[in-house]
1. Just to be sure I understand the model, the point goes 7 Å from the Cα along the line to the Cβ. What's the resulting THR80 to THR32 distance in nm?
2. Rounding to the nearest 20 debye, state how big the charge dipole of the chain is about its Cα centre with +1 on each Lys and Arg Cβ and -1 on each Asp and Glu Cβ.
3. What are the lysines whose alpha-carbon lies under 23 Å from the alpha-carbon of LYS35, with same-chain residues fewer than 8 places away excluded?
Amino acid sequence: MSEPKPSWSGEERRHGYTVLTTRMDVIHNDVTDIKSALKELTAAITKLALIEERQTKTSQSLDKIETRISRLEHQIPIYTATAKWVDRGVVALVAGAVVFIAKKVGLM
C-alpha cells in the first residue's frame with residue numbers, strides 16, 4: 001500500500017517555497033562568507049610562508065657570520081703577537097735612525 005500524499009493548499013505551498021528560498025539565501029550568504037574567509041586565510045598563509053623563507057635565509061646568513069667571527073676570534077692572538085713584533089721592529093728602526101742621524105750631525 002502506498003502512503004497518502006499530503007494535500008497542501010496553494011497558500012501552504014507558497015509559504016513552503018518562501019521558507020525554502022529564505023533558507024537557501026542564508027546558506028548562499030554563509031558560503032559566500034566562507035569563500036571570503038578562505039581567500040583571506042590563503043593570503044595570510046602565503047605571507048607566513050614568505051616570512052618563514054626569509055627567516056630561514058637570515059638564520060643561514062647568521063650561521064655563516066658566526067662561523068666567520070669564530071675563525072677571526074681564533075686568529076686574534078696571532079695578529080696581536082705579530083702586531084707587537086712589528087711595533088717593536090718599527091721602534092728599533094726609528095731608534096737606529098735617530099742614533100745614526102745623531103752621529104752624523106755630531107750629537108753623539
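What follows is calculated from the coordinates using simple rules that are stated; it is not laboratory data. Fair warning: this is a prediction, and the values are worked out from it, not measured in the lab. Here the Cβ is made from the backbone with ideal geometry for all residues, glycine too, and neighbour counts use every protein chain on show.
1. Placing both labels 7 Å beyond Cα along the Cβ direction yields 7.4 nm.
2. Working: 16 positive and 13 negative charges, 232 e Å.
For this selection, approximately 1120 debye.
3. LYS47
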